[in-house]
Amino acid sequence: MRLVNVNYLKEGAVLARPVMNAMCQVLLQAGVKLTSSYISRLQDYGCEVVFIEDERLADVEIQPAISTPTRELAHKTLKQITGYIGTGRDNALPIDQVRTAVEEMIEDLLNSRDIVGNLTEIQVYDEYTFQHSINTTVLALILALAAGYSESRLLELGMGVLMHDVGKIKVPDEILNKTAPLTPDEFDQIKKHTIYGYEILRKNRDFSLLSTHVAFQHQEKWDGSGYPRGLKGTEIHEYGRITAVADVFEALTSRRVYRPAFQPYKAFEYLMANSGTHFEPKIVDSFTKNVAIYPTGSGVRLSNGLRGNVVKQNQSFPSRPFVRALYEENSPLLAPIDLNLAEHPSLMIVKVENE
Ligand SMILES: [Fe+2]
């Protein structure tokens, strides 16, 4: 299978993985043959890429970071929490369920300790989504696993990250969803979601104080230019420093109303450009070593003119995956060429083209 941008989909292509909505419900099953009306519906839904069957890439396996049932449980939990806060039950949140959801996420990740080739399920775009919190938690847990966190610290961090944006429930929707530039006053209101979140979570005794600080500190920046308190360096708890990196990467690689999603390698460039200012260098460094820069299935062009798809991640070198070349410029090769880019240091990926 390979990743194809919806704008390049052709009639008759067969979906290799299901397309889900933000509620984790399947909209189109794997195996569906795409018609022009399905394709235009996918475009209308704001779906960016889908996995398509390709017999030249039949052996490519894509393992999602977490299973669909785990994702569903996390989603259901966040939805319930929103209901509790919306009805004034801030101090009686179902923390046990948050714990169970994060335990499931950790277990899934421990079972796929390798570099995760694909972080997210293929989903249609949804304005009001909990998927951002779920994906940010997955990324933060990957970083924490790489740092050798114990199971109890993984849980403490993960619970905080899953809940890091709960304070947004107290910010008016018209500000959160505004597409025009924010006024200074509106931006001040957005900034308050960190304090609101901290205050809500603090009312729940079963929620660890360090977990509440993820909500409080995830917008702080390494150089002190963040909010709400302008903390600097190690004044920010490590949980907050990890979440800051995961949060920004997730936001950049997701579609927004005002812009399409960044390709992961572009989001990596952003992290690296802001390492040492917004982000702790050690964490950015770990990110580039533990998260797939070119998701499995991506179409890539190499510096020697060969074009093909990423077929496997390189566990020790995520920026240099295994690529199967299928074309030389625009001419199909007689036989595909499998390349381990880690063994070809002079070959570069010069473009990602999910066509
Ligand atoms: Fe946030």
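The values are calculated or read from the model by the stated rules, or taken from the named source; none is laboratory data. Keep in mind that what you see is a predicted model, and the values were worked out from it rather than measured. Every residue, glycine as well, gets a Cβ built from its backbone with ideal geometry; the counts of neighbours run over all protein chains shown.
Which ranges mark the helices (runs of 4 or more DSSP H) fully within the range 146-201 that have 1 or more residues being within 21 Å of Asp108 (Cα to Cα) and among the small types (Gly, Ala, Ser)?
Working: elements: 151-162, 173-176, 184-191.
Ranges flagged: 151-162.
For Gln219, all conditions in the list (1) in a loop (DSSP other than H, G, I, E, B); (2) more than 19 Å from Asn135 (Cα to Cα); (3) without any contact (Cβ under 8 Å) to a residue 60 or more places away in the chain; (4) not hydrophobic (A, V, I, L, M, F, W, C) hold save one; what is the number of the exception?
Only one criterion in (1) in a loop (DSSP other than H, G, I, E, B); (2) more than 19 Å from Asn135 (Cα to Cα); (3) without any contact (Cβ under 8 Å) to a residue 60 or more places away in the chain; (4) not hydrophobic (A, V, I, L, M, F, W, C) is unmet by Gln219, namely (2).
For Ser225, only one of the following conditions fails: (1) under 28 Å from Gln63 (Cα atoms); (2) modelled with pLDDT of 95 or more; (3) polar (S, T, N, Q). What is its number?
Here Ser225 clears every test but (1).
Applying the selection to the range 222-241, what residues are within 16 Å of the ligand (Cβ to nearest atom), assigned to a helix (DSSP H, G or I) and out of contact with any Phe, Trp or Tyr (no Cβ under 9 Å at 6 or more places or on another chain)?
Tyr239
Any residue at all in the range 311-333 that's polar (S, T, N, Q), outside any helix (DSSP H, G or I), modelled with pLDDT of 95 or more and within 29 Å of Ala146 (Cβ to Cβ)?
In the first step, residues of the range 311-333 are kept if they are polar (S, T, N, Q); the result is 313-316, 319, 330-331.
Checking the rest, the ones that are also outside any helix (DSSP H, G or I) come to 313-316, 319, 330-331.
From the residues that got through so far, the ones that are modelled with pLDDT of 95 or more too are 331.
Retained after the next criterion (residues that are within 29 Å of Ala146 (Cβ to Cβ)): none.
No: zero hits.
For Asp206, all conditions in the list (1) modelled with pLDDT of 95 or more; (2) surrounded by fewer than 22 Cβ atoms within 10 Å (Cβ to Cβ); (3) of a type in the set (Asp, Glu) hold save one; what is the number of the exception?
In the conditions (1) modelled with pLDDT of 95 or more; (2) surrounded by fewer than 22 Cβ atoms within 10 Å (Cβ to Cβ); (3) of a type in the set (Asp, Glu), Asp206 misses (1) alone.
Looking at the range 167-191 only, could you name the residues that are within 12 Å of the ligand (Cβ to nearest atom) and either more than 19 Å from Ile81 (Cα to Cα) or outside the structural domain of Thr129 (by TED's automatic domain parsing) (or both)?
Ile190, Lys191
Please go through the range 246-266 and give me each residue that is within 16 Å of the ligand (Cβ to nearest atom) and among the small types (Gly, Ala, Ser), ordered by number.
Hits for the range 246-266 are Ala246, Ala251, Ser254.
Being in the same structural domain as Gly276 (by TED's automatic domain parsing) and either in contact with a strand residue (DSSP E or B) (Cβ under 9 Å, 6 or more places away or on another chain) or modelled with pLDDT under 95 (or both) narrows it down to one residue among Thr243, Thr253, Thr212, Thr194; which is it?
Details: Thr243 fails: either in contact with a strand residue (DSSP E or B) (Cβ under 9 Å, 6 or more places away or on another chain) or modelled with pLDDT under 95 (or both); Thr212 fails: either in contact with a strand residue (DSSP E or B) (Cβ under 9 Å, 6 or more places away or on another chain) or modelled with pLDDT under 95 (or both); Thr194 fails: either in contact with a strand residue (DSSP E or B) (Cβ under 9 Å, 6 or more places away or on another chain) or modelled with pLDDT under 95 (or both).
None of the others qualify; the one that does is Thr253.
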